[in-house]
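Asks: Next up is a structure, given as C-alpha cells.
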Amino acid sequence: MKTSRTYWLCQILGWGIYSALGIAGAAQEIGLRPFLFIGYGAFFLYSIALTHAFRAVIHRKQWALAITLRSVARLFAGALVVGAIQTLLVIWFDLLLEGSRSGFKQPVNIIGLSVGVVGSTLTWTILYLALTTTRRARQKDITLELLRRETELRTLESQINPHFLFNCLNSIRALVAEDPAKAQDMITRFAAILRYNLNRDLNRLVPLEDEVEVAADYLALESIRFEDRLRVRFEIAPEAAKTPVPPMLVQTLVENALKHGIAHLPGGGEMIVRASVDGGHVVLEVENTGRLAVSNSGNGVGLKIARERLRLLYADRAKLTLSERAATVAATVTIPSQP
C-alpha cells in the first residue's frame, strides 16, 4: 500500500511539474491563454495514463526482472512508443484548440516537441527502473535475512527439544519399577507436554499461560523424582497470562534452575516462577535457591539457546539476565508485551 501511494505521488508530481513548466514556458512566448491550461491539463492526464499502462506491460512481460540487452532494448522501444503517442496527442489537441494558429505546422516545432516529450518519457522509464530495482534488491535482502533467521531458529529449537525429552524420560524410568502408579501419572503429564510441543504454532509465539501450564507439568514430573527437595510456587499476574512469548522459554528457564541450582543442593530448595507486565514489557522471572557459582554463571546450554532465540525474535528489544540475590539465583527475561 505504501509503495502504491509513493508511485502515484511521483506520477502526479512528475507530470504535474512538467506540465506547469510547459505552461510557464509557452506563456512567455505567446501569452497566458486558456488553451494552454486545457492542452497541458489533458497532457498531464494522458501522460499518467500512458506511463501507467507502460508500467503494467513492464510487469506483465517481466522486462525489469533481469536487466539484459534484450530487456533494455524492449524498454527503450516501449518508451519511444509511449513518447510518440504523447507527442501525437499534444499536436492533435493543439490543432483542435488552435486550428490555423497552431505552432506545430512547422517541422522544427514538432521536432523540438518530440525530443522533449520522448526524452521525458525515457527519463521516467530510467527512474522507474532504478527505483524498482533498488526496492526489489532490498526486498530480496530482507527475504534472505528472514530465511536465515528462520533456519537458525529451527536449528535452535531442535537443540532444545531432545534435551527436554531425555530429562522427562529419565524421570519416568526412575519410577517405573518402584512406583507404577506414579509412573503412570508421569506418563500422562509427559503425554500432555508432548502434545503441546507437537501442536504448537510454528509462528513461535504462544500465550504465557500455556507455557506456565507446560512448565507446571514438567515440575510435577521432577517433583516426584526430587520428592520434598523441590518446592514450587507460581506467581503469575492475570494481565501477563495472555501475553505472547516464545514457546519453551519458561520450560528452558525452569529446567536450567533445576539442573544447575536445586539439583546440586543436598537439601533441595524452592523455585518461584513469576510473571508481570511492566509498561510495554512482560517480565518473566524464575528464582531458585542456590548460588550463582553453583549455577555455572549462566553459561548453560539452555540459557545460551534462550538468549539466541530472543535475539532472533526480538533483536535488541528483549534480554535475559542472571543475577544472584541473598540466597537465590534469578533468571529474568524482559520481552515486549506485543510482538
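The values are calculated or read from the model by the stated rules, or taken from the named source; none is laboratory data. Here the structure is a predicted model, which is why all the values come from computation and not from measurement. Cβ atoms come from the backbone with ideal geometry, glycine included; neighbour counts cover every protein chain shown.
Asks: Let me spell it out: the conditions are (1) touching a strand residue (DSSP E or B) at 6+ places or on another chain (Cβ under 7 Å); (2) at negative phi, and Gly268 meets all of them except one. Which number is the exception?
Replies: (2)
Asks: Of the residues that make up segment 213-226, is at least one touching a strand residue (DSSP E or B) at 6+ places or on another chain (Cβ under 6 Å), within 30 Å of Arg291 (Cβ to Cβ) and without any contact (Cβ under 8 Å) to a residue 40 or more places away in the chain?
Replies: Yes, some residue in segment 213-226 is touching a strand residue (DSSP E or B) at 6+ places or on another chain (Cβ under 6 Å), within 30 Å of Arg291 (Cβ to Cβ) and without any contact (Cβ under 8 Å) to a residue 40 or more places away in the chain.
Asks: Ok, one more. Quick one: would you say Val232 is in a strand (DSSP E or B), in contact with a strand residue (DSSP E or B) (Cβ under 8 Å, 6 or more places away or on another chain) and either among the acidic types (Asp, Glu) or modelled with pLDDT of 90 or more (or both)?
Replies: On the way: in a strand (DSSP E or B): yes; in contact with a strand residue (DSSP E or B) (Cβ under 8 Å, 6 or more places away or on another chain): yes; either among the acidic types (Asp, Glu) or modelled with pLDDT of 90 or more (or both): yes.
For Val232, the condition - in a strand (DSSP E or B), in contact with a strand residue (DSSP E or B) (Cβ under 8 Å, 6 or more places away or on another chain) and either among the acidic types (Asp, Glu) or modelled with pLDDT of 90 or more (or both) - is met.
Asks: Working carefully through the options Phe54, Phe93, find the one that is farther than 21 Å from Cys10 by Cα and either touching a Lys or Arg at 6+ places or on another chain (Cβ under 7 Å) or crowded, with 17+ Cβ neighbours inside 10 Å (or both).
Replies: Unique residue meeting the criteria: Phe93.
Asks: Given the criterion touching a residue at least 60 places away in the same chain (Cβ under 8 Å), in the same structural domain as Thr51 (by TED's automatic domain parsing) and polar (S, T, N, Q), identify the matching residue among Thr123, Thr132, Thr87.
Replies: Thr132
Asks: Right, next: Restrict the check to segment 246-254 and report whether at least one residue is surrounded by fewer than 20 Cβ atoms within 10 Å (Cβ to Cβ) and either in contact (Cβ under 8 Å) with a residue 40 or more places away in the chain or on the phi < 0 side of the Ramachandran plot (or both). Talk me through it step by step, then tell me what you get.
Replies: We begin by selecting, within segment 246-254, every residue surrounded by fewer than 20 Cβ atoms within 10 Å (Cβ to Cβ); these are none.
Checked against the condition, which is being surrounded by fewer than 20 Cβ atoms within 10 Å (Cβ to Cβ) and either in contact (Cβ under 8 Å) with a residue 40 or more places away in the chain or on the phi < 0 side of the Ramachandran plot (or both), segment 246-254 yields no hits at all.
Asks: Quick check on my filter: what residues within segment 181-219 are surrounded by 14 or more Cβ atoms within 10 Å (Cβ to Cβ), among the aliphatic types (A, V, I, L, M) and at pLDDT 85 or above?
Replies: Answer for segment 181-219, where residues must be surrounded by 14 or more Cβ atoms within 10 Å (Cβ to Cβ), among the aliphatic types (A, V, I, L, M) and at pLDDT 85 or above: Ile187, Val206, Leu208, Val212, Val214, Ala215, Ala216, Leu219.
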